[in-house]
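Read-outs throughout are calculated quantities, based only on the coordinates presented, and are distinct from any laboratory measurement. For clarity, every value in this text was computed on a predicted model and none was experimentally measured. Cβ sites come from the backbone with ideal geometry, for glycine too, and all protein chains shown count toward neighbours.
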Amino acid sequence: MNNLLGAAEIREIAERIGVRPTKKLGQNFVVDANTCRKIVKNADVGIDDVALEIGPGLGSLTLAMLESAKEVIAIEIDDRLAAELPLTAIRHGFDASKLTIINQDAMGISELPTDPTVLVANLPYNVSVPVLLRFLELFPTLRSGVVMVQSEVADRLVARPNNKVYGSPSVKATWWADLTSAGTVSRSIFWPVPNVDSSLVRFVRHQSAGDEELRKTTFKIIDAAFSQRRKMMRAALSDLCGGSAGASAIIEASGIDPTIRGEALELADFIKIAITLSK
Ligand code: SAM
């Protein structure tokens, strides 16, 4: 087993390459090797996996992934971090030919050199939900993964109906996968120490809930339902259905009470409404 990055080395590399962690890019680096190994183990990364990491930073998790995966693809927006990462991997005795670094904004990625099978990431906080949804949508070969996000975001992602934090990300993510909470992470394992707590969310992809056209219609309904979450569904869908009477008729024909609020519905209900609306 090669040694992973520790706190002193992380600061030394950052200083040497002139990186002062910024809030804008959500740069809080994990300085605890045990946590990195635990996350990779939790994600079930194996020797046949092409592991994808978004925001590898200085490489704390990346090196742990290189220990277990066949290949690692890492997408990093910061030029200095992207340039340094292969050198860090080599210095730690890893085969750098297993590592592909893509120096780009993850939100602009639409293809990858190899189909990824597992996602492991300490996601940049400002884009964590859109990045996760985007990669679930674009890369159907991603069968599972573990992502670290702000605890508040983790709670929203795994929330079920009738919970006050249940919302559009909770429903949309379940289009592709089952999401479960995989524990919290102490603030003290980051440098710099953030002023929010972090948690792990594990996902496992399930069979597709429908084709792209149905997904788009379903997501439109979800967006409408949660943009006015205190409104009854018949009011929330009024614009989409040409008025409140039309909305009532469509919701009722889907077997759902039009006076219910979106926060009480699960993905299957939104899909039923989308199917009726598309007819
Ligand atoms: N994985 C590293 C770790 O755990 O120590 C770093 C995680 S840090 C929370 C987030 C990383 O994502 C930073 O390296 C940051 O530069 C990078 N990042 C921020 N926004 C990004 C984006 N839109 N696309 C790709 N990388 C991004």
Just from the alpha-carbon atoms, what are the Rg and Dmax of segment 212-278 in angstroms? 10.1, 29
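What is the sum of charges, Lys and Arg at +1 and Asp and Glu at -1, for the other residues whose Cβ falls under 11 Å from the Cβ of P192? Intermediate results must be reported in sequence, preceding the final value.
Values: positive: R11, R20, K23, R187; negative: none.
Net charge around P192: +4.
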Of segment 63-86, those with amide N under 16 Å from the point 7 Å along the Cα→Cβ vector of R205 are 73
Using the beta-carbon distance between D95 and R16 and R0 = 22 Å, what value does 1/(1 + (r/R0)^6) give for FRET efficiency, to the nearest 0.05? 0.40
Could you give the length gained on full extension between A253 and T180, defined as 0.36 nm per residue of separation minus the Cα-Cα distance, in nm? 23.1 nm
Under the Karplus relation with 6.51, -1.76 and 1.60 and θ = phi - 60°, whole-Hz ³J(HN,Hα) for segment 37-48, x at Gly and Pro, equal 5, 5, 5, 5, 5, 4, 7, 6, 6, x, 5, 9
Along Cα→Cβ, 7 Å out, is where each label goes; now give me the distance between the ones at K70 and S151 in nm to one decimal. 3.9 nm
log10 of Debye I(q)/I(0), alpha-carbon scatterers only, for segment 94-234 at 0.09 Å⁻¹: -0.31
Provide the FRET efficiency to the nearest 0.05 for the V165-L138 pair, computing r from the beta carbons and using R0 = 25 Å. 0.45
How many nm separate the modelled label positions at R187 and Q228, each set 7 Å beyond the Cα in the direction of the Cβ? 3.9 nm
Other residues with Cβ under 11 Å from the Cβ of N162 give, with Lys and Arg +1 and Asp and Glu -1, a net charge of +1
Taking the alpha-carbon centroid of each part, what is the distance from segment 37-88 to segment 129-148 in angstrom? 15 Å
Cβ-based net charge around T218, under 13 Å, with every Lys or Arg adding one and every Asp or Glu removing one: -2
I260 and E111 label points (each 7 Å along its Cα→Cβ direction) are spaced in nm at 4.2 nm
For segment 184-241, place one equal point scatterer on every Cα, skip the solvent, and apply the Debye formula. What is log10 of I(q)/I(0) at q = 0.20, 0.22 Å⁻¹? -0.79, -0.84
In percent, how large is the relative contact order of segment 32-182, given Cα pairs closer than 8 Å and 6 or more residues apart? 21 percent
Against the empirical 2.2 N^0.38 Å scaling, what ratio does the C-alpha Rg of segment 1-45 come to? 1.34
What does segment 1-93 give for Rg and for Dmax, in Å, if only its C-alpha atoms count? 12.5, 36
Could you calculate the contour length gain from K216 to D48, that is, 0.36 nm times the residue separation minus the distance between their Cα atoms, to one decimal place in nm? 57.2 nm
Just order 5-13, 108-116, 153-161 by mean Cβ neighbour count inside 10 Å, highest at the front, would you? 153-161, 5-13, 108-116
Just need the Rg to Rh number for segment 1-157, please, alpha carbons only, Kirkwood Rh. 0.92
Ratio Rg/Rh [Cα only; Rh per Kirkwood] for the chain: 1.04
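With +1 assigned to the C-beta of every Lys and Arg and -1 to the C-beta of every Asp and Glu, and no other charges, what is the dipole magnitude of the chain about the Cα centre in debye, to the nearest 20?
Result for the chain is approximately 800 debye, rounded to the nearest 20.
Report relative contact order for segment 212-278 in percent, whole number only (criteria: Cα-Cα under 8 Å, sequence separation at least 6).
Relative contact order of segment 212-278: 37 percent.
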Relative contact order (percent, whole number), the chain, Cα cutoff 8 Å, 6+ residue spacing: 15 percent
